[in-house]
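J.: Pasting a structure below so you can have a look.
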Amino acid sequence: MPPLKEKYGLILNQYETVESKVKKNDFLSVILDNHHVSASDVDILAKKEKHLEQTPYLRPGKKYTILKNRETQKVEYFAYEPNPYKYILYDLRDTMSVTEVRKKVTKKVVNSSGVIESSLWNAIVGSDDIAPSMVQSIAANMEDALQWSVDFHHVQKGDKFRMIFEEDWIEGERVGVGKLIAAHFFQDGNDYYAIRFKNEKYDGFFDPEGRPMKKNFLKAPVKYARISSRFNRNRFHPVLKRRKAHLGTDFAAPTGTPIMATADGTVIKRSRTRGNGNFVKIKHDDTYSTQYLHMSKFQKGVNVGTRVKQGQTIGYVGSTGLATGPHVCYRFWKNGKQVDPKRQNLPPPEPIPASDKEEFFKEKDKWIDQLKGIQFKTLEDVVAVETVKEEEKDSTKVNP
Ligand SMILES: [Zn+2]
């Protein structure tokens, strides 16, 4: 007897099954009609769908399974999987029903490490058998945790990282990346650690002393951008073709990239000038303001007087005003004067109070010990692997 195969809470062996993927212009009615389900029955199902939180539109490329009665050949179930985390089960027997079922997700805690050879992206790809689709998610998680300490715009060869994060597994398959638990980043001779701490009062990343990783200001107003021009009191202006102080930091990014407020504050200007193009200025407190120039467009709902949160989108990268290409010119004002944010000793945020510290330190010690136990894949290892690859290439040239 073949082994029992269970899926959708049913024993598949009892049915004749048809597994397929949704094609372009496939509707529930079209698919079921091909299997001799009447239009009136599809109608009833469509009405039952309305009880679900979200109507499950069939999307091209997504999996579905039809289960038929072996004797009568009538369709008894139609199961649709919009993503790996859930399925929608259409029960076509007697009363008919539609239910959405969340699959059981198993969380696995995994370790990873990497040494930067060319880019952070490649280091993450090379560090594990991480599916490329998950690299983006891991990079974003790491940036979320460390963006206030690590300069991700200047990651260099030899920088290295270790991390502990959760993976989502369903039915023996890795389907996604969960939360980052702890990370270590080594850059410029400095070690940075971030530990996630969560209880009734806190949910965020903290350094080993229990201070929030989240500083007063983000290091950059755009993600994954590159600094194209630094704060410089004596710069040759590429458009005006003369020396002119550059009182901002330029971050090059594609047009349309969201620009984030680098700290909580109130919008005090949202306008357009010949030089600045579309720009927004935010007042954070009596001392500090920030300004964002050359936007392609403003974020809807962000007006003079709007309160904005750190990380909130206020506009989109563009090249309006005097700009040679799409970038955001980020300006940092202290007491009404423009200064280089890199040179400011901004006050550190308040640490976790003594009453909660014991709990935090227990967590922290556990994760830092685990981080330190993760072997770095050394630069030599990485280089060695690449050399082997090169040799393979060479040998194929010699012996085609
Ligand atoms: Zn600029």
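The values are calculated or read from the model by the stated rules, or taken from the named source; none is laboratory data. Remember, it's a predicted structure, so these values are computed and weren't measured experimentally. Please note: Cβ atoms are built from the backbone with ideal geometry, for glycine as well, and neighbour counts cover all protein chains shown. For the accessible areas, the whole protein counts, side chains as well, though only heavy atoms, and no ligand, DNA or RNA atoms are used. Shrake-Rupley method; radii C 1.70, N 1.55, O 1.52, S 1.80 Å.
J.: Within the range 202-217, can you find the residues that are in contact (Cβ under 8 Å) with a residue 60 or more places away in the chain and either in contact with a Phe, Trp or Tyr (Cβ under 7 Å, 6 or more places away or on another chain) or crowded, with 17+ Cβ neighbours inside 10 Å (or both)?
T.: Here is the first cut: in the range 202-217, the residues in contact (Cβ under 8 Å) with a residue 60 or more places away in the chain are 202, 205-206, 208-217.
Correct list: Phe205, Phe206, Pro208, Gly210, Pro212, Met213, Lys214, Lys215, Asn216, Phe217.
J.: Which of the residues that make up the range 46-101 are of a type in the set (S, T, N, Q) and in a loop (DSSP other than H, G, I, E, B)?
T.: Keep residues of the range 46-101 that are of a type in the set (S, T, N, Q), which gives 54-55, 65, 69, 72-73, 83, 95, 97, 99.
Those that are of a type in the set (S, T, N, Q) and in a loop (DSSP other than H, G, I, E, B): Gln54, Thr55, Thr72, Gln73, Thr95.
J.: Working only within the range 226-248, note down all residues that are more than 13 Å from the ligand (Cβ to nearest atom) and not in a strand (DSSP E or B).
T.: If the condition is that a residue be more than 13 Å from the ligand (Cβ to nearest atom) and not in a strand (DSSP E or B), then Lys241, Arg242 are the ones that fit.
J.: Without any contact (Cβ under 8 Å) to a residue 60 or more places away in the chain, within 16 Å of the ligand (Cβ to nearest atom) and not polar (S, T, N, Q): which single residue out of Gly315, Gly305 fits that description?
T.: Values: Gly305 fails: within 16 Å of the ligand (Cβ to nearest atom).
Answer to the selection: Gly315.
J.: Moving on. Select from the range 322-337 the residues that are within 17 Å of Ala261 (Cα to Cα) and within 12 Å of the ligand (Cβ to nearest atom) and write down the one among them that is surrounded by the most Cβ atoms within 10 Å (Cβ to Cβ).
T.: Let us first name the residues in the range 322-337 that are within 17 Å of Ala261 (Cα to Cα), namely 327-334.
Keeping just the survivors that are within 12 Å of the ligand (Cβ to nearest atom) gives 327-332.
Details: His327: 27, Val328: 30, Cys329: 24, Tyr330: 23, Arg331: 21, Phe332: 22.
Out of the qualifying residues, it is Val328.
J.: Something else: Just to check your reading of the model, which residue among Gln136, Gln147 is surrounded by 18 or more Cβ atoms within 10 Å (Cβ to Cβ) and more than 20 Å from Lys372 (Cα to Cα)?
T.: On the way: Gln136 fails: surrounded by 18 or more Cβ atoms within 10 Å (Cβ to Cβ).
Among Gln136, Gln147, only Gln147 is surrounded by 18 or more Cβ atoms within 10 Å (Cβ to Cβ) and more than 20 Å from Lys372 (Cα to Cα).
J.: Looking at the range 249-300, what strands (runs of 3 or more DSSP E) fall wholly within it and have at least 3 residues that are away from the ligand (no atom under 16 Å from the Cβ) and over 14 Å from Pro326 (Cα atoms)?
T.: Values: elements: 249-252, 258-260, 265-273, 277-283, 288-295.
Ranges flagged: 265-273.
J.: Within the range 231-270, can you find the residues that are among the charged types (D, E, K, R) and at pLDDT 85 or above? Talk me through it step by step, then tell me what you get.
T.: Of the range 231-270, the ones among the charged types (D, E, K, R) are 233, 235, 241-244, 250, 264, 269-270.
Matches in the range 231-270: Asp250, Asp264, Lys269, Arg270.
J.: Output the number of residues of the range 184-201 satisfying the condition of being within 21 Å of the chain's Cα centre (by Cα) and touching a residue at least 40 places away in the same chain (Cβ under 8 Å).
T.: We begin by selecting, within the range 184-201, every residue within 21 Å of the chain's Cα centre (by Cα); these are 184-185, 192-198.
Narrowing the set further to residues that are touching a residue at least 40 places away in the same chain (Cβ under 8 Å) leaves 184-185, 192-197.
Going through the range 184-201 one residue at a time, the tally reaches 8.
J.: Let me ask you something else. Can Gly248 be described as within 26 Å of Gln147 (Cβ to Cβ) and among the small types (Gly, Ala, Ser)?
T.: Details: within 26 Å of Gln147 (Cβ to Cβ): yes; among the small types (Gly, Ala, Ser): yes.
When the stated conditions are applied, Gly248 passes them.
J.: Residues Glu117, Glu53, Glu6, Glu81: which one is over 24 Å from Ile170 (Cα atoms) and among the acidic types (Asp, Glu)? It would help to see each step written out before you state the result.
T.: Values: Glu53 fails: over 24 Å from Ile170 (Cα atoms); Glu6 fails: over 24 Å from Ile170 (Cα atoms); Glu81 fails: over 24 Å from Ile170 (Cα atoms).
Of Glu117, Glu53, Glu6, Glu81, the one residue that is over 24 Å from Ile170 (Cα atoms) and among the acidic types (Asp, Glu) is Glu117.
J.: With respect to the numbered conditions (1) touching a residue at least 40 places away in the same chain (Cβ under 8 Å); (2) in contact with a Phe, Trp or Tyr (Cβ under 8 Å, 6 or more places away or on another chain); (3) buried (at least 20 other Cβ atoms within 10 Å of the Cβ), which one is the sole condition not fulfilled by Met295?
T.: The number of the failed condition is (1).
J.: Also: Considering only the range 189-208, state which residues are in a loop (DSSP other than H, G, I, E, B) and within 17 Å of Glu143 (Cβ to Cβ).
T.: The first filter runs over the range 189-208 and keeps only residues in a loop (DSSP other than H, G, I, E, B), leaving 189, 199-202, 207-208.
Result: Asp207, single match.
J.: State whether the residues of the range 274-292 include one that is within 25 Å of the chain's Cα centre (by Cα) and either more than 18 Å from Leu346 (Cβ to Cβ) or not assigned by TED's automatic domain parsing to the domain that holds Lys337 (or both).
T.: So far as the range 274-292 goes, yes, one or more of its residues are within 25 Å of the chain's Cα centre (by Cα) and either more than 18 Å from Leu346 (Cβ to Cβ) or not assigned by TED's automatic domain parsing to the domain that holds Lys337 (or both).
J.: Determine which single condition Lys342 fails, assuming it passes every other condition in (1) more than 26 Å from the chain's Cα centre (by Cα); (2) open to solvent by 30 Å² or more (accessible area, probe 1.4 Å).
T.: (1)
J.: I've got another one for you. As an exercise: evaluate Thr99 against (1) closer than 28 Å to Lys157 by Cα; (2) open to solvent by 20 Å² or more (accessible area, probe 1.4 Å) and give the number of the one condition it does not meet.
T.: (1)
J.: I would also like to ask the following. Among Val30, Val75, which is the only one that is β-branched (Val, Ile, Thr) and at pLDDT below 95? Outline the logic, then answer.
T.: On the way: Val75 fails: at pLDDT below 95.
Matching residue, one of Val30, Val75: Val30.
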